[in-house]
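K.L.:
Could you have a look at this structure, given as structure tokens, before my questions?
The values are calculated or read from the model by the stated rules, or taken from the named source; none is laboratory data. These numbers were taken from a predicted model, which means no experiment stands behind them. For neighbour counting, all protein chains shown are included, and Cβ atoms are generated from backbone atoms with ideal geometry for every residue, glycine included. For accessibility, only protein heavy atoms count, side chains too; no ligands or nucleic acids. Shrake-Rupley method; radii C 1.70, N 1.55, O 1.52, S 1.80 Å.
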Amino acid sequence: MKILVIEDEKKIASFIRKGLEAQGFVVDVSHHGDEGFTLLTTRPYDAVVLDIMLPGRDGLSILRSIRERKMPLPVVLLSARGELNERIEGLNLGADDYLTKPFFIEELIARLHVVTRRAAGAGQSILAIADLTINLLTREVTRGGRHIELTAREFSLLELLARSPGRVLTRAQICEQVWSYDFDPGTNLVDVYIQRLRKKVDAEAPEKLIETIRGVGYRMKQDS
Ligand code: CA
């Protein structure tokens, strides 16, 4: 797997490079936002580890361009402690995950495995999480073999969550992708639909799959 690391702190960048190379990853490192962006648009990578504060283009601006170009490239953001707003903005812009510095290299490796596995599965037609199955072609949903009737909107919401188990989606992201509205912070539309979905999908099952992340949003539980 080939990973691009864009991180201006040379010590951290070399710590990441050594750790990833020891696990068999192929690693390119850039210490500058502009150079990093050029690399990722001209060379094939399986994932990017992207620092937020960078000389030249900052990490969030790079992330925005990656998503605007619809590049199917998993991104793990690195943020400094205290950069809460930047982290939330990063998730809103479509980061697949983030780590707060300092972190253990094992955490980064685990996240890279998750986000690249997810990207590889993006083209499949059946999503399965625990005993929940979602057929994207026939739009049939079952839980523990029991058929579940969903409205079109509920299906879109479930599909969005199920496409990236373990990934937290903010209300704004959900709103944009399921309703194509700009998010109005005054509305509880997303929460209302999540409630409906929970009644249909989770209420009768012992294992609850739709999780609330306080103050951020929702996510589909990750299959253990
Ligand atoms: Ca930095």
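K.L.:
Against the conditions (1) more than 16 Å from the ligand (Cβ to nearest atom); (2) modelled with pLDDT under 95, where does Gly82 fall short? Just the number, please.
P.N.:
All conditions are met except number (1).
K.L.:
Condition check: open to solvent by 40 Å² or more (accessible area, probe 1.4 Å), at pLDDT below 95 and under 18 Å from the mean Cα position of the chain (by Cα). Does Arg167 satisfy that?
P.N.:
no
K.L.:
Which numbered condition trips up Gly56, out of (1) open to solvent by 30 Å² or more (accessible area, probe 1.4 Å); (2) more than 16 Å from the ligand (Cβ to nearest atom)?
P.N.:
(2)
K.L.:
Something else: Read through the list (1) more than 14 Å from the chain's Cα centre (by Cα); (2) within 15 Å of the ligand (Cβ to nearest atom), then give the number of the only condition that Glu106 fails.
P.N.:
(2)
K.L.:
Is it the case that some residue within the stretch 60-67 is part of a loop (DSSP other than H, G, I, E, B) and free of Cβ contacts under 8 Å to residues at least 60 places away in the same chain?
P.N.:
no
K.L.:
When the stretch 68-111 is examined, which residues are found to be in a strand (DSSP E or B) and open to solvent by less than 50 Å² (accessible area, probe 1.4 Å)?
P.N.:
Selection gives Val75, Val76, Leu77, Leu78, Ser79, Asp97, Leu99, Thr100.
K.L.:
What pairs can you find where one residue is in the stretch 130-149 and surrounded by 14 or more Cβ atoms within 10 Å (Cβ to Cβ), the other is of a type in the set (Lys, Arg), and their Cβ atoms are less than 7 Å apart, with a gap of 6+ or different chains?
P.N.:
That search, which allows pairs on different chains as well, returns Asp131/Arg143; Leu132/Arg143; Ile148/Lys200.
K.L.:
Moving on to the next point. Filter the stretch 112-124 for residues that are touching a strand residue (DSSP E or B) at 6+ places or on another chain (Cβ under 7 Å) and open to solvent by 40 Å² or more (accessible area, probe 1.4 Å) and give the result.
P.N.:
Of everything in the stretch 112-124, nothing turns out to be touching a strand residue (DSSP E or B) at 6+ places or on another chain (Cβ under 7 Å) and open to solvent by 40 Å² or more (accessible area, probe 1.4 Å).
K.L.:
Taking into account only those residues within the stretch 31-53 that are surrounded by 17 or more Cβ atoms within 10 Å (Cβ to Cβ) and among the charged types (D, E, K, R), which is farthest from Phe104 (Cα to Cα)?
P.N.:
Asp46
K.L.:
Give just the number: which of (1) at pLDDT 95 or above; (2) farther than 21 Å from Arg17 by Cα; (3) among the hydrophobic types (A, V, I, L, M, F, W, C) does Ile52 not satisfy?
P.N.:
Going through the list (1) at pLDDT 95 or above; (2) farther than 21 Å from Arg17 by Cα; (3) among the hydrophobic types (A, V, I, L, M, F, W, C), Ile52 breaks only (2).
K.L.:
Report yes if Val216 is open to solvent by 10 Å² or more (accessible area, probe 1.4 Å), closer than 24 Å to Asp97 by Cβ and outside the structural domain of Leu84 (by TED's automatic domain parsing), otherwise no.
P.N.:
Judged against the criteria, Val216 is a match.
K.L.:
Looking at Leu99, Leu54, Leu4, which one is within 27 Å of Ile174 (Cβ to Cβ) and in contact with a strand residue (DSSP E or B) (Cβ under 9 Å, 6 or more places away or on another chain)?
P.N.:
Details: Leu54 fails: within 27 Å of Ile174 (Cβ to Cβ); Leu4 fails: within 27 Å of Ile174 (Cβ to Cβ).
Testing whether each residue is within 27 Å of Ile174 (Cβ to Cβ) and in contact with a strand residue (DSSP E or B) (Cβ under 9 Å, 6 or more places away or on another chain) leaves just Leu99.
K.L.:
Okay, next question. Of (1) without any contact (Cβ under 8 Å) to a residue 40 or more places away in the chain; (2) within 16 Å of the ligand (Cβ to nearest atom), Thr38 satisfies all except one. Which?
P.N.:
Status for Thr38: all satisfied but (2).
K.L.:
If you go through the stretch 1-43, how many residues are modelled with pLDDT under 95 and more than 21 Å from Val114 (Cβ to Cβ)?
P.N.:
Here the count works out to 3.
K.L.:
Would you check if there is a residue in the stretch 202-213 being touching a strand residue (DSSP E or B) at 6+ places or on another chain (Cβ under 9 Å), within 20 Å of Leu99 (Cα to Cα), modelled with pLDDT of 95 or more and open to solvent by less than 20 Å² (accessible area, probe 1.4 Å)?
P.N.:
Within the stretch 202-213, not a single residue is touching a strand residue (DSSP E or B) at 6+ places or on another chain (Cβ under 9 Å), within 20 Å of Leu99 (Cα to Cα), modelled with pLDDT of 95 or more and open to solvent by less than 20 Å² (accessible area, probe 1.4 Å).
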